[in-house]
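Participant: Below you will find the structure I want to go over with you.
The values are calculated or read from the model by the stated rules, or taken from the named source; none is laboratory data. As the structure is a prediction and not an experimental result, all values here were calculated from the model. Cβ coordinates were reconstructed from backbone atoms using ideal geometry, including for glycine residues, and neighbour counts include every protein chain displayed. Ligands, DNA and RNA are stripped out before the accessible areas are found, and what is left, the full protein with its side chains, is counted by its heavy atoms. Shrake-Rupley method; radii C 1.70, N 1.55, O 1.52, S 1.80 Å.
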Amino acid sequence: MLPKPDVVIFLDVPPEEGLRRVGKRAAAKEVYERIDIQERNRARYLDLIVPEGEDHLAPLLAPGCIRIVVDATMPREEVHEAIWDQIQPKVCP
């Protein structure tokens, strides 16, 4: 059995941007690379990370697990900084 995570990071990318990025690669388009599927999946992931009702993810996480949502449309360095800004005070008090 794997250990439960202490940190969960969701790199949030709007479906339109995700599909734009996917379109840049040479690989064939996958069946799930449709805007309606991407919108539904994003909503489901956000509900897992920041639940508005029953927390279905909690049993899979370590007690006190840090959950972070980061806007991954920012440049890579800013994404890194946003993650560190949220984690650092909790792991290096």
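Participant: With respect to I68, is the statement that it is closer than 25 Å to L19 by Cα, without any contact (Cβ under 8 Å) to a residue 24 or more places away in the chain and among the β-branched types (V, I, T) true?
Facilitator: Here the answer is no, as I68 does not meet what is asked.
Participant: Can you name the residue in segment 1-26 that is modelled with pLDDT under 90 and more than 23 Å from R76 (Cα to Cα) and is also most open to solvent (accessible area, probe 1.4 Å) among such residues?
Facilitator: Here the answer is M1.
Participant: Also, I was wondering about something else. Exactly one condition in (1) open to solvent by 80 Å² or more (accessible area, probe 1.4 Å); (2) touching a strand residue (DSSP E or B) at 6+ places or on another chain (Cβ under 8 Å); (3) not in a strand (DSSP E or B) is not met by V79; state its number.
Facilitator: (1)
Participant: For segment 36-59, give me the residue count where each residue is assigned to a helix (DSSP H, G or I), without any contact (Cβ under 8 Å) to a residue 40 or more places away in the chain and closer than 16 Å to D12 by Cβ.
Facilitator: Qualifying residue count, segment 36-59: 11.
Participant: Is segment 42-56 home to any residue that is under 13 Å from the mean Cα position of the chain (by Cα), open to solvent by 80 Å² or more (accessible area, probe 1.4 Å) and not aliphatic (A, V, I, L, M)?
Facilitator: Scanning segment 42-56 turns up at least one residue that is under 13 Å from the mean Cα position of the chain (by Cα), open to solvent by 80 Å² or more (accessible area, probe 1.4 Å) and not aliphatic (A, V, I, L, M).
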